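The values are calculated or read from the model by the stated rules, or taken from the named source; none is laboratory data. Keep in mind that this is a model prediction, so the values were computed, not measured. With ideal geometry, Cβ positions are generated from the backbone for all residues, glycine too; neighbour counts draw on all protein chains shown. What goes into the accessible areas is simple: the full protein's heavy atoms, side chains included, and nothing from ligands, DNA or RNA. Shrake-Rupley method; radii C 1.70, N 1.55, O 1.52, S 1.80 Å.
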Amino acid sequence: MSSEASRMETIREKVEAGQRLSFDDGIALEESNDLFALGSMANLVRERYNGNFGYFNVNTHINPTNVCVYTCDFCAFRANLNDPRAYVMTQEQIVERARQAHERGATELHIVGGLHHKLPFEYYVDVVRWIREAAPEIHIKAYTAVEIEFFAKISRLSVEEILQRLIEAGLGSLPGGGAEIFHPEVRAEICGAKASTETWLDVHRTAHRLGLNSNATMLYGHIDKAKHRIDHMIRLRELQDETKGFQTFIPLAFHPDNSRMDELPKPSGVMDLKTMAISRLMLDNFPHIKAYWVMLGIKTAQVALSFGADDIDGTVVHEKIYHEAGAETPQEVTVAEIQRLIVEAGRIPVERDTLYHRVEREGGQWASREHIDVVTLSGMAK
């Protein structure tokens, strides 16, 4: 048996026994070319946590502004204040978007955008409040840790005070964006001006302490290397050990088009699936791993349901950030299409809300039911 085969066998034994993998184990997984062995192990963990179910939701995106003070190399969405592309959504536009989402049966509004230095913090609070007043039943998942830190700077309030103000306005949870890559060798190179790794982690730590759940992401496939990705996952795993507030990890495939890193190639399909599988294996305390079809492509996201992912995201209406960077996926997909993709992948589709409660629909109305539990769902599927 070769040394690589021996290392993989040892890791498989640990996975089967439910033991935590080390940094060195993660590097060994990254160095392996046995994609199907990685997928097999990740699928074992995926089914241990989530059975044979594939989750999705009905959601809509709102990007209130694309004006941003930061100039991250990988970003194709941002605009300068005097750029012809620059925009700020008005109250009427925000409210109309919320009403459209309500009419479409959305259970979630996902809100992220640029950091506009001429807008007061109150605008961002108002966005949440306008939505809550227009569509009170829709969960508001809004503002990355980078945005929260920016709000603290412009308002001279603490992160906790910022979050409390947003919660009072109607905030339900935080998205996971802005994490990019935590390792300083990479972060300083691609987004050194914005929130530090420590700040990103502390914003989520504070949110969890206040009772908010959140997601976490990792942007891969640019100048990052194996050690940077494994380091990133372990830092997230350590915070999750501390707070237990993360719901989902979303590996985000880098899209170079129209960015200042457009000379780099997109990650390959093999890298996409490897990263998905390794994420599931390393993040043993995250209940869910999401295959974000907007960035992966619908076909790869479908295959990812056998490589550790249990969630394929949702209908994703009005997504701008990754489409500006060259994403060739549709602006949205229907519920029927998502369900078909999940069934074709051999999984049982389950609609969820943002906090992973099962959604039940009848006569054009929807309601959140029990929190998703594999044992309960398995009983219902029989």
Quick one: which of V69, V45 is farther than 24 Å from V294 by Cα, open to solvent by less than 80 Å² (accessible area, probe 1.4 Å) and either touching a Cys at 6+ places or on another chain (Cβ under 7 Å) or assigned to a loop (DSSP other than H, G, I, E, B) (or both)? V69
T90 - would you say it is within 30 Å of I148 (Cβ to Cβ), without any contact (Cβ under 8 Å) to a residue 12 or more places away in the chain and not small (G, A, S)? yes
The condition from (1) touching a Gly at 6+ places or on another chain (Cβ under 8 Å); (2) under 17 Å from N215 (Cα atoms) that Y143 misses is numbered (1)
Being open to solvent by 60 Å² or more (accessible area, probe 1.4 Å), farther than 30 Å from I111 by Cα and part of a helix (DSSP H, G or I) is the requirement here; does E9 meet it? yes
Return the only residue of E198, E168, E160 being open to solvent by 10 Å² or more (accessible area, probe 1.4 Å), under 30 Å from E137 (Cβ atoms), free of Cβ contacts under 8 Å to residues at least 40 places away in the same chain and acidic (D, E). E168
Return the only residue of Y55, Y49 being within 18 Å of the chain's Cα centre (by Cα) and more than 24 Å from V146 (Cβ to Cβ). Y55
Does A101 qualify as being at pLDDT 95 or above, among the hydrophobic types (A, V, I, L, M, F, W, C) and surrounded by 16 or more Cβ atoms within 10 Å (Cβ to Cβ)? no
Residue within segment 174-182 that is in a helix (DSSP H, G or I) and within 22 Å of A86 (Cα to Cα) present: no
A careful count of residues in segment 207-220 that are over 14 Å from the mean Cα position of the chain (by Cα) and surrounded by fewer than 21 Cβ atoms within 10 Å (Cβ to Cβ) gives 5
Screening A42, A37, A28 for residues that are modelled with pLDDT of 95 or more, touching a Gly at 6+ places or on another chain (Cβ under 7 Å) and not basic (K, R) leaves only A42
Quick one: in segment 109-131, which of the residues that are surrounded by fewer than 23 Cβ atoms within 10 Å (Cβ to Cβ), in contact with a Ser or Thr (Cβ under 8 Å, 6 or more places away or on another chain) and not hydrophobic (A, V, I, L, M, F, W, C) is modelled with the highest pLDDT? P120
Within segment 191-199, is there a residue that is farther than 30 Å from R165 by Cα, hydroxyl-bearing (S, T, Y) and in contact with a helix residue (DSSP H, G or I) (Cβ under 7 Å, 6 or more places away or on another chain)? no
Here is a check on your reading of the model: is D313 more than 16 Å from L29 (Cβ to Cβ), in contact (Cβ under 8 Å) with a residue 24 or more places away in the chain, among the charged types (D, E, K, R) and open to solvent by less than 20 Å² (accessible area, probe 1.4 Å)? yes
